[in-house]
Amino acid sequence: MTINFILNGEDVVFRTEAGVRLIDILRGSFGLFGSKPGCLTGQCGACSVIFNGNVSPACLIPAFKIKGSEIITIEGFSQTIEYQEIINTFADKHLGNCGYCEAGKVLCTEALLDKNPSPSKEEILMGFSGIKCRCTNIQRLVSAIDAIAGLRQRRLHGRAS
């Protein structure tokens, strides 16, 4: 089948079988290795992408579902000012990153703040419920998301959240 979709802001056309997983398409056909095939059951978050505005596990998305969609991978997102804010704040807050789950945490942060520019602690924890990470201190994560939200509000609106 022929599938057209937007990948990191670019229109692409791709031929594949309907049931091939998005994670395999990204890695094997587009050379995008930032999303990692962890559990392959949608439980760990290592393969996270932003799929039509929501963080989704690429291992659970069959090719036929991506037709006409918009997909942002960590490689595409890393070209934005928002990425720099997130990465720099994660480092400033000493938020441990093993590298394996980093893409999922970064994309979860972006998707959460895109929908809710000033999330509560509970909303942050809910937004990260799909990321199973052993390297991240949860208090530091909440502190980092609060800091990123404040930075973004100041950058966009000239004021804190």
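The values are calculated or read from the model by the stated rules, or taken from the named source; none is laboratory data. Remember, predicted model here, so these are calculated numbers, not experimental data. Glycine gets a Cβ as well: all are built from the backbone with ideal geometry, and neighbour counts include every protein chain shown. Note: accessible area is taken over every heavy atom of the protein model, side chains too, but ligands, DNA and RNA are not part of it. Shrake-Rupley method; radii C 1.70, N 1.55, O 1.52, S 1.80 Å.
A few comments on the model shown:
- A prolate overall shape is assigned to the range 88-161, the ratio a/c of its alpha-carbon gyration tensor axes (a ≥ b ≥ c) being 1.5 or greater and a/b exceeding b/c.
- Cα extents of the range 43-124 along the three principal axes, largest first (Å): 41, 27, 26
- Protein heavy-atom surface of the chain, 1.4 angstrom probe: 51% of the accessible area is carbon and sulfur, with nucleic acids and ligands not counted.
- Using the rule -39500 (n - 2.57) for each DSSP H run of four or more residues, divided by the residues of the chain, the 222 nm mean residue ellipticity is -12500 deg cm²/dmol.
- Counting lysine pairs in the range 63-154 whose alpha carbons fall under 17 angstrom apart, excluding pairs fewer than 8 residues apart on the same chain, gives 5.
- Calculated on the alpha-carbon coordinates, the convex hull of the chain measures out at 102 cubic angstrom per residue.
- Amide H to amide H, with H built 1.01 Å from N, residue 61 comes under 5 Å of 22, 23, counting only residues 5 or more places away or on other chains.
- Distant-in-sequence amide H partners of residue 49 (H built 1.01 Å from N, under 5 Å): 56, 58
- Over the range 59-161, accessible surface divided per residue gives 52 Å², non-protein components excluded, 1.4 Å probe.
- Charge-dipole axis of the chain as Lys and Arg at +1 and Asp and Glu at -1 on Cβ define it, positive-most pick from 157, 73, 57: 57
- Each Lys and Arg Cβ is given +1 and each Asp and Glu Cβ -1; about its Cα centre, the range 1-123 then shows a dipole of about 420 debye.
- Candidate cross-link partners of residue 36 among the aspartates and glutamates, defined by an alpha-carbon separation under 14 Å and a same-chain spacing of 8 or more, comprise 24, 75, 102.
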